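These notes are about the structure you will find just below.
The values are calculated or read from the model by the stated rules, or taken from the named source; none is laboratory data. The structure presented is a predicted model; accordingly, all values stated were derived computationally and were not measured. Note that we place each Cβ from the backbone using ideal geometry, even for glycine, and neighbour counts take in every protein chain shown.
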Amino acid sequence: MIKLVQVEKYFRGRPALSIAAYTFERGGRYALMGPNGSGKSTLLRLLAGVLRPDAGEIRVEGLAADAIGYMPQFPYIFGFSVLKNVLIALPAGGAERRTARAAALQALERLEIGHLAARPGGTLSGGEKQRLALARMLVRPRQLLLLDEPTSSLDRAGTLLAEQVLAECARQGCALVMASHDQGQAQRLARTVLLFESGRLAGEDQF
Amino acid sequence: METLKEIIDLLCGADGELRLIIATTLRMSFTSTLIATAIGIPLGALIGLFAFPGKQLAVRFCNTLMGLPPVLAGLLIFFLLSRSGPLGQYKLIYSVTAMVLAQILLITPIAAGLTQSIVAAKAPQIRETARGIGLSGARLLGYVLYECRRQFGSVLFTGFGRAISEVGAAQIVGGNIQFKTRILTTAIVQETNMGHFQKALALGLVLLVISFIITALAQFLLAEQET
C-alpha cells in the first residue's frame, strides 16, 4: 500500500529519519514506538504528505488522497463550533451537503461528544479536543489512518473509547499506523510494532 | 484655552472649511484603508499560509514595501496620473481619488506584511491538520482568514492610522487644494509654513481626537463581536 525506498529526511542538516526499505501493507495495523525524537512523528508526517523526503521515494499505491486520514500530535481546533469543526472535513457542496450534518453528528456521537456540538472549539479541554480531532478524521470513510499519539490527552475511559473506535475501523479493513508510547495500547491495537531509535528503524515485532 | 477656542471657531466657521477638511480626511482614510486591506489581507494570508517557489522573496519584498517612503509613493502615483503619464487621460491628478490611490500603495504592503506574519504563526499547525482531513485551497484560506479575524482588527487600525496621519503622498498627488483636496495633515503643514502655529496646533488636536474616537469605536465593536 505504501512503499518507502531509501527515504531520508533532514532538519537543518541533521538526519531525522533514514529508512532503507519498508512496506506498509493494506489493512495492516502498525504501532511506531521509540523515545522522543526517534523519528516516529517525522515518518507519519512523511506518510501523510505534510513533509517531503529529502532523498528516496514514498510510493502510495491504490489509495486516493482523501482515503488517508492523518491526526497530528497537536491537532488544530478552529474557533467555530464543534459541529462545524467536523463539517469542514466533508465536501462543501453538492448532494452530499444534505447528509453532511447527520454524518458529522454521528461522528461526534461515536466519540461521545455529541452534546458538545454547539460549543466553540476553543472552549474544549485537551481531551475533548483530541476526541473532536478523531471524530473529524473519521467522519469520512478512510482506508489508512495515520495517528500521532492519538490518546495522549485522554483519560482512561476516553483512551479505551478511542481504542474501541479505532479497532472498529481496523476490523472494517482500515489500515492503522500509530505512534504511541503506551506498550499496552500498541498490543491492543497493532499487529506489528516498529521500534525506532535515533531516526532509524531498529526493530520489528509481530503480535 | 487659546487652542480650544481656535478649534471651536474653526468648527463653527461660517465657510465650513474645517468640516469639509475633516470629511475629506475621513473619506480618503476610510476608502483607502478598506480597499488596501481588502487586497492586502488575502494576499498576506496566501503568502503566510502556502508554500511556493519564491515565497521568501515575496516576504522580503512585502517587508521592504512596508517601509515605502510616502513621498516616493506619492511620486509614483503622480507620474502615473500626471497629464503625460499612462493614466493621464483620466484627469485624476489633484483629486481625492489620487490621494486614495497613493494611500492604497502605502497601506497594502503594510496589511499584507502584518497579515503574513499573523498567519505564518498559525500556519504550520493549521496546514498539518488541514492536510490530515483533506481540507485545501480556497476553503482552507477562508477558514484561516476567519480564524485570524481578531488579529485583523489591528491590521485595520494600523492601516487607518497610516492613512489618516500621512502627509507626503497626499500633498504631492492631492496638491492641498482648498475646498477640494485639503485634508487635516496637509492643512497643518500649510498653517505651520504660514506661521499660524495656534491654528496648526488646533488642527493637530482635531486629528488626534478623530483618530482616538475611531480607534476606540472600532475596538469597542470588535470586543462586542467577541462576546
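Annotation note: of A:31, A:67, the sole residue that is modelled with pLDDT under 95 and either surrounded by 12 or more Cβ atoms within 10 Å (Cβ to Cβ) or under 18 Å from the mean Cα position of the chain (by Cα) (or both) is A:67.
Yes or no, residue by residue, for (1) under 20 Å from residue A:49 (Cβ atoms); (2) at pLDDT below 95; (3) away from chain B (no Cβ under 13 Å):
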| position | (1), (2), (3) |
| --- | --- |
| A:153 | no, yes, yes |
| A:161 | no, no, yes |
| A:176 | yes, no, yes |
| A:183 | no, yes, yes |
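Residue count for region A:198-207 satisfying the condition of being of a type outside the set (Gly, Ala, Ser) and closer than 21 Å to residue A:48 by Cα: 2. Apart from one condition, residue B:137 fits all of (1) more than 9 Å from every other protein chain (Cβ to nearest Cβ); (2) touching a residue at least 40 places away in the same chain (Cβ under 8 Å); (3) over 30 Å from residue B:169 (Cβ atoms); the exception is (2). Residue count for region A:86-95 satisfying the condition of being within 13 Å of chain B (Cβ to nearest Cβ) and either in a helix (DSSP H, G or I) or small (Gly, Ala, Ser) (or both): 5. Flag set for residue B:94, criterion: at positive phi and among the aromatic types (Phe, Trp, Tyr).
Just one of the listed residues (A:112, A:57) is part of a loop (DSSP other than H, G, I, E, B) and more than 9 Å from chain B (Cβ to nearest Cβ), and it is A:112. Which residues, counting only those in region A:141-176, are surrounded by fewer than 18 Cβ atoms within 10 Å (Cβ to Cβ), farther than 16 Å from residue A:29 by Cβ and in contact (Cβ under 8 Å) with a residue 24 or more places away in the chain? Selection gives A:141, A:152, A:155. Of the residues making up region A:133-171, those that are under 19 Å from residue A:87 (Cα atoms), more than 13 Å from the chain's Cα centre (by Cα) and not in a loop (DSSP other than H, G, I, E, B) number 0.
Residues in region B:111-134 that are within 9 Å of chain A (Cβ to nearest Cβ) and β-branched (Val, Ile, Thr): B:126, B:129, B:133.
If the condition is being touching a residue at least 60 places away in the same chain (Cβ under 8 Å), part of a helix (DSSP H, G or I), under 20 Å from residue B:215 (Cα atoms) and within 14 Å of chain A (Cβ to nearest Cβ), then region B:143-174 contributes B:150, B:152. Against the conditions (1) over 23 Å from residue B:142 (Cα atoms); (2) touching a helix residue (DSSP H, G or I) at 6+ places or on another chain (Cβ under 9 Å), residue B:57 satisfies every one except (2).
Those residues that are more than 9 Å from chain B (Cβ to nearest Cβ) and either farther than 19 Å from residue B:137 by Cβ or exposed (fewer than 14 other Cβ atoms within 10 Å of the Cβ) (or both), I need them from region A:70-85; list them, please. Listed by number, the residues that qualify are A:73, A:81, A:82, A:83. Of everything in region B:176-190 that is more than 21 Å from residue B:209 (Cβ to Cβ) and surrounded by fewer than 18 Cβ atoms within 10 Å (Cβ to Cβ), the residue that is nearest to the other protein chains (Cβ to nearest Cβ) is B:180.
Does region B:77-95 contain any residue that is out of contact with any helix residue (DSSP H, G or I) (no Cβ under 7 Å at 6 or more places or on another chain) and of a type in the set (A, V, I, L, M)? Looking through region B:77-95, at least one residue is out of contact with any helix residue (DSSP H, G or I) (no Cβ under 7 Å at 6 or more places or on another chain) and of a type in the set (A, V, I, L, M). Does residue A:36 qualify as being under 22 Å from residue B:125 (Cβ atoms), among the polar types (S, T, N, Q) and within 14 Å of chain B (Cβ to nearest Cβ)? So residue A:36 fails the test.
Within region A:135-151, the set of residues being away from chain B (no Cβ under 11 Å) and of a type in the set (D, E, K, R) comprises A:149 only. Residue B:209 meets all of the listed conditions (1) of a type in the set (Val, Ile, Thr); (2) modelled with pLDDT of 95 or more; (3) outside any loop (DSSP other than H, G, I, E, B) but one, namely (2). So is residue A:64 hydrophobic (A, V, I, L, M, F, W, C) and within 14 Å of another protein chain (Cβ to nearest Cβ) or not? For residue A:64, the condition - hydrophobic (A, V, I, L, M, F, W, C) and within 14 Å of another protein chain (Cβ to nearest Cβ) - is met.
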